[in-house]
Amino acid sequence: MVIKSPIKSNVRILLLGDRGVGKTSIILSLVSEEFPENVPTRAEEITIPADVTPEQVPTNIVDYSAIDQAEDTLNNLIRGASVVCVVYAVDNDDSIDRVSSYWLPLIKQNYPEKCCPVVLVGNKIDLVDFSTIDGILPIMEDFPEIETCIECSAKTLKNISEMFYYAQKAVLHPTSPIYSVEESDLTEGCKMALSRIFKICDMDCDGLLNDTELNNFQSRCFNAPLQPQVLDDVKAVLKKNLDDGVQNNSVTFKGFMYLHTLFIQRGRNETTWAVLRRFGYNESLQMTKDYLYPTLRVPSGCTTELSHRGQHFLTHLFERFDKDKDLSLSPTEFDEMFSTCPTPAWPPDVNGIVPTNEKGWITFQGYLCQWALMTLVDLPKSFEYLAYLGYNIYENDSQVTAVQVTREKKVDLAKKQSSRNVYQCNIIGPSGSGVSSFCKGFIKSNSEKSRKFEKSESPSYIANIVQVYGQEKILVLRDITIKSMSDPLQTHEVHCDVACLVYDVSNPKSFEYIARIYIKYFAETMIPVLVVGCKNDLEEVKQDYLLQPSTFCQKYKILPPQYFSIKSHHRKDIYVKLATMAAFPPLRRMVHMLMLRQQPSEWLNQFCRNLREFGMLPADVTIWWKAGLSIAAITAIGLIVAKVISSPKVR
């Protein structure tokens with residue numbers, strides 16, 4: 001799938017000028033390919049189909065007559081035009097003077113915020129033996145919206161079709177956004193856009209475009225590689241005109257910019273515009289919304305995560321900019337990676353959100369987690385930055401292919417396991433219960449690091465990779481600290497893959513809140529819930545609630561409370577349990593599945609250990625071995641009996 005260029009769907013050309021300059025004759029000569037003997041006061045609007053225009057865009061040609069149309073109509077016609085052709089008669093000096101004294105100011109008056117492209121048309125050159133172009137040049141310098149000037153003859157048909165081609169080109173490939181005639185140089189907006197394009201195409205990040213990179217660039221923009229002779233010719237032009245346009249037989253950034261300047265100066269605006277549009281830019285040199293934010297429908301109960309293509313692109317991107325190969329991004333590498341974006345996708349200081357190294361630099365693991373987090377909670381932002389970083393170019397497709405929509409959660413529940421790779425766990429608890437510390441402990445490994453962030457503002461989300469039965473999953477913790485006991489939970493605070501209800505073991509009033517939360521919001525749902533007692537380094541006190549935590553969990557048939565302390569050696573397996581509960585929501589039923597199926601002894605031992613860690617099996621596994629052997633014996637006897645019964649009787 002090739003990305004279509006964000007080009008206008010139609011062109012509306014308006015012809016203006018004094019009476020008698022030949023506006024209507026020009027239109028009729030174009031249509032009939034002969035000069036009309038009887039010319040009406042105004043030609044009816046004409047539509048030229050896309051398949052007969054050079055740019056393959058439908059074009060409307062509109063005539064104006066001061067006799068038939070009022071001034072209000074004139075202003076409306078100007079505001080509705082894509083381009084205005086101001087026609088003057090080359091043999092009439094008054095009509096030439098009126099171009100700058102009346103018509104151009106009138107057009108500008110109707111476009112106060114932006115410029116409408118203008119083409120000056122000198123008609124009736126069959127009546128004179130001189131050119132008016134030199135006299136028009138000062139007008140073009142005073143009015144930058146003038147794209148070009150062309151002389152023609154409606155009577156002899158000279159340059160008539162060319163005039164409309166230039167008018168169409170002025171709309172589809174305008175000069176003023178990309179080139180300053182006064183400065184004879186590219187505009188700042190064009191330089192910024194081409195700079196981003198150069199960086200995206202510079203795959204080895206050496207500041208040069210070698211032959212392979214140039215061919216990839218050519219193929220992506222024009223669907224055809226450069227022939228070797230053409231490559232040599234391009235480099236020869238650069239060497240002739242620039243001292244540093246070519247280096248190590250590769251095109252430099254300065255040489256790349258010079259080539260586009262040369263294209264525009266030679267009237268080949270369409271070449272530069274083809275490149276700009278392929279990389280998502282519109283006529284204002286802004287990246288279009290359709291390019292940045294493609295449409296993707298996400299049904300209720302589904303989530304979004306990176307697809308294999310998305311992960312491959314981001315992995316390759318990381319490897320490009322991790323120049324010292326230390327599996328982390330230094331501040332310089334981080335800035336270089338996001339140099340094609342208006343701002344970085346996230347701040348450099350993310351050590352409170354995802355894993356970082358001892359210097360606080362984001363690691364490859366943290367990098368993947370950050371992208372997974374962004375794709376889960378802010379899909380438009382992921383789409384936007386994938387576009388900035390060049391996904392559309394490398395993959396030759398929209399960012400939609402970088403993301404996969406997971407199946408509905410009710411299907412996961414029916415199948416008793418989830419196919420997702422990213423899970424969200426809402427950590428809920430009253431203020432002071434240790435919610436923030438529990439979240440931050442997910443990416444911090446010791447008390448020294450914990451002291452660094454305890455005083456800082458807690459992030460809303462924290463993400464890390466965990467192992468669930470040998471598979472890497474990304475678990476996203478969402479910090480939901482409740483400041484007021486009377487505040488109800490919002491729908492988005494309840495909806496998640498697994499919930500973790502946190503209380504302070506040293507506060508007798510802490511557990512009551514999460515007990516009521518469970519009964520009100522989770523008791524009747526299929527969302528797995530784990531209760532965690534924080535601050536386990538402090539003395540545990542009796543809770544002022546009718547049921548103590550362990551009894552409460554037993555009554556509602558949820559796992560017994562797990563205990564955690566950020567100040568001591570805390571248990572990382574709690575986070576694994578949360579991810580496992582999210583991956584296998586109806587976990588208790590797995591025990592019955594185990595009992596009904598013969599399993600290899602080693603796997604059975606490991607599985608039993610996992611279940612025992614979840615508090616679902618007693619410590620003595622001998623009982624289960626005996627039960628397993630008994631079942632195996634009964635099964636064997638059953639097979640023998642069935643075989644005897646089914647065998648034919650001998651008479």
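The values are calculated or read from the model by the stated rules, or taken from the named source; none is laboratory data. This is a predicted model, so every value here is computed, not measured. Glycine gets a Cβ as well: all are built from the backbone with ideal geometry, and neighbour counts include every protein chain shown. The accessibility values were calculated without ligands, DNA or RNA, using every heavy atom of the protein model including side chains. Shrake-Rupley method; radii C 1.70, N 1.55, O 1.52, S 1.80 Å.
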So, over other residues within a Cβ distance under 11 Å of His495, counting Lys, Arg +1 and Asp, Glu -1, the net charge is 0
About its Cα centre, the chain carries a charge dipole, from +1 on Lys and Arg Cβ atoms and -1 on Asp and Glu Cβ atoms, whose size in debye to the nearest 20 is 5460
Filtered hits (aspartates and glutamates, Cα-Cα < 17 Å from Lys191, offset >= 8 within chain) -> Glu182, Glu183, Asp202, Glu270, Glu283
Matching label for the computed Rg/Rh (Cα atoms, Kirkwood Rh), out of [x] 1.30; [y] 1.05; [z] 1.16, is [z]
Rounded to the nearest 10 Å², the 1.4 Å probe accessible area of Val57 is 10
Given the candidates Asn216, Tyr556, Met337, the one whose Cα lies deepest towards the positive end of the charge dipole of the chain, counting +1 at each Lys or Arg C-beta and -1 at each Asp or Glu C-beta, is Tyr556
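So what is the relative contact order of the chain, in percent, for Cα pairs below 8 Å that sit 6 or more residues apart? Can you show the working numbers first?
On the way: 1001 pairs, mean separation 56.5, N = 651.
Reported as a whole number, the value is 9 percent.
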When the charge dipole of the chain is computed with +1 at the Cβ of Lys and Arg and -1 at the Cβ of Asp and Glu, the Cα pointing farthest to the positive end, of Tyr179, Gln109, Val576, is that of Val576
Answer in debye to the nearest 20: the dipole magnitude of the range 129-168 about its Cα centre, from +1 Lys/Arg and -1 Asp/Glu charges placed on Cβ, is 300
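Which loop-located GluC sites (Glu not before Pro) does the range 339-425 contain, where loop means any DSSP state but H, G, I, E or B and the Cβ has at most 15 other Cβ atoms within 10 Å? Display every interim value, and only then the final one.
Numbers: sites: Glu358, Glu384, Glu395, Glu408; in loops: Glu358, Glu408.
For GluC sites (Glu not before Pro) across the range 339-425 that sit outside H, G, I, E and B with at most 15 neighbouring Cβ atoms in 10 Å, the list reads Glu358, Glu408.
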Treating only Lys and Arg (+1) and Asp and Glu (-1) as charged, each at its beta carbon, one finds that the range 171-320 has a dipole about its Cα centre, in Debye to the nearest 20, of 400
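Quick one: pull the percent of accessible area on the chain belonging to carbon and sulfur, 1.4 Å probe, ligands and nucleic acids left out.
Numbers: 17010 of 32550 Å².
Within the chain, the accessible surface is 52 percent carbon and sulfur.
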Probe 1.4 Å, all chains present, heavy atoms only: Thr363 accessible area in Å², nearest 10, is 30
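From largest accessible area down, sort Ser484, Ser328; use a 1.4 Å probe on the protein chains.
Working: Ser484 40, Ser328 0 Å².
Order by accessible area, largest first: Ser484, Ser328.
Which helices count as membrane-span-like in the chain under these terms: full DSSP H, at least 24 Å along the axis by C-alpha, Kyte-Doolittle mean of 1.0 or more? Write out the running numbers ahead of the final one.
Values: long enough: 622-646 (36 Å, 1.54).
Span-like helices here: 622-646.
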Over the chain, with neighbouring protein chains present, the accessible area per residue in Å² at probe 1.4 Å is 50
For Lys535, the lysines lying under 23 Å Cα to Cα, once residues fewer than eight places off in the same chain are dropped, come out as Lys440, Lys444, Lys449, Lys452, Lys455, Lys483, Lys509, Lys567, Lys572, Lys577
The distance between the Cα centres of the range 292-332 and the range 393-419, in whole Å, is 15
Counting only DSSP beta bridges fully inside the chain, the antiparallel percentage to nearest 5 is 35
With the charge dipole of the chain built from beta-carbon charges (+1 for Lys and Arg, -1 for Asp and Glu) about the Cα centre, the Cα from Pro36, Asn241, Val541 projecting farthest to the positive end belongs to Val541
If the chain between Thr315 and Asp397 were fully extended at 0.36 nm per residue, the gain over the current Cα-Cα distance would be 27.8 nm
